[in-house]
Amino acid sequence: MTVAAAEPARRARLPRVGRAALEYAGFVPTIVLLGLFFLVPLGIIVCYSFWETVDYSVVHHWTTENYRYFFSVTAYVSTMWATLWVAVAATAIAIGLAFPFAYWLSRYVPKRLRTPLLVLVIVPFWSSYLLRVYSWLTILGDHGVLNRFLHWVGITRHPLGVFLYDRPAVILVLVYLYFPFGALTLYSSIERFDWNQLRAAMDLGASPLTAIFRILVPQIRPGIITAIIFVFIPILGEYLTPQIVGGTGGVMIGNLIVNFFQSAEYTRGAAASLLIALFIVALLAVFRKSLSSRDAYGT
C-alpha cells in the first residue's frame, strides 16, 4: 500500500477530536498572533477606558466618567465631527478618482500595458510614508512649487499660506496617500466584468452612463464597498498627515488621542480610542451583507 493510499486509512482511525485538531492545527499560529497582539491589547484598552487617572496614575475604579468628559468638551466633539467629515470627503474624492481610472484601465488599456500602469500606481509604496507626506511641504509650502509657480506667472506677489496647515491640505494629501488602495481594489472587481452586458444595454438604447450605473455598478458593489472601507477606515486613525500638513487647523481624532497619552491621561485616551473602534465596528456591521464572501459572480 502506498503512502498516499494509507493516509486516509490512518486518519479514519484517529478519534473525531483528534481529526478536528489535526485539520485546524494550521490556525494555531494565527490565533496566538491575533490573541497576543490584538485581542489582549484591545481588552486592556477597554479596561483603561473605564478606569480613572489620578495624579498621573491609573486607578482601577470602574466608571464612565471618561466618556462623559469627552462628550462634555466642545473641542473634542468638534474634532470628532471634523475627523468624520474629513474622512468622508477624502474617501469620496479618492474613490471618485479611482473608479474612472480602474474603468479606463480595465476596458480600454491593452492587457500588455495594464501591469506597467498598475506598477506605477503602487510605486509610491516603495518609498517611506514620511517621505511621501513631507514631500507635500515642498509643494504646498510658502516657498513650495505651487507658490513659486503662481509667483512666476504673475498671479501673486507674495506666498499664499492657504495651501498648507488646514483641512483642505489634509484632505489633498490623504487622497494622494489612499488613492492606490481604492484603485487596485476597484480594478480587481471591474477587471472580471463581462463587457458584453454593457454593450447589450447600450444596444437596447441605454446611454453609456446609464449602462454603467444600472449594469456595471450593481455587479461590482462588493468591490466598491471594500474599496470604501480600505480607504475610509485607515483615514479615521490618521495621525502623521494631519500633524505634518494640517498643523493646528487640521487636527483629527488621532492627534487628540496622542495628546491624551502624551499628557499621561491614559484612561481618556483609551476612551477616545474605543469610540473610534466602536464606530468602525458599527460601519462594518452596516456593510456586513456587502462584505459577504458571495459576490455578483457567484463565487
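The values are calculated or read from the model by the stated rules, or taken from the named source; none is laboratory data. Not measured: the values here are computed from a predicted model. Cβ atoms come from the backbone with ideal geometry, glycine included; neighbour counts cover every protein chain shown. Side chains included, ligands, DNA and RNA excluded: accessible areas come from the protein's heavy atoms. Shrake-Rupley method; radii C 1.70, N 1.55, O 1.52, S 1.80 Å.
Where the alpha-carbon atoms of segment 67-180 are placed on the principal axes, they occupy 57, 45, 25 Å, in descending order. Solvent-accessible surface of segment 73-292, averaged per residue with a 1.4 angstrom probe and all protein chains in place: 53 square angstrom.
If R0 is 41 Å, the Cβ-Cβ spacing of TRP81 and TRP152 corresponds to a FRET efficiency of close to 0.55. The dipole here belongs to the chain: it is taken about the Cα centre, uses +1 on the Cβ of Lys and Arg and -1 on the Cβ of Asp and Glu, and is about 1180 debye. Choose one answer from VAL173, VAL123, VAL28: the residue with the largest mean-square fluctuation in a GNM of the chain with alpha-carbon springs under 10 Å. Top of the fluctuation ranking is VAL28.
When the chain is treated as a Gaussian network with alpha carbon springs shorter than 10 Å, the biggest mean-square fluctuation among PHE279, PHE260, PHE38 belongs to PHE38. Using the Cβ-Cβ distance between ILE31 and LEU278 with R0 = 22 Å, the FRET efficiency computed as 1/(1 + (r/R0)^6) comes to roughly 0.40. For the chain, the membrane-span-like helix rule (DSSP H, alpha carbon extent of at least 20 Å along the helix axis, mean Kyte-Doolittle at least 0.0) picks out 74-107, 167-190, 221-236, 266-286; this says nothing about an actual membrane. Note on the chain: GNM, Cα springs under 10 Å; of MET202, MET80, MET252, the largest mean-square fluctuation is that of MET202.
If you take the square roots of the eigenvalues of the alpha-carbon gyration tensor of segment 150-299 and sort them as a ≥ b ≥ c, do you get rounded (a/c under 1.5), prolate (a/b over b/c) or oblate? In terms of gyration-tensor shape, oblate.
Kirkwood hydrodynamic radius, computed over distinct alpha-carbon pairs, for the chain: how many Å, to one decimal? About 23.4 Å, per the Kirkwood formula over Cα pairs. Dipole of the chain computed with +1 at Lys/Arg Cβ and -1 at Asp/Glu Cβ about the Cα centre; of TRP62, TYR239, LEU204, farthest Cα towards the positive end is LEU204.
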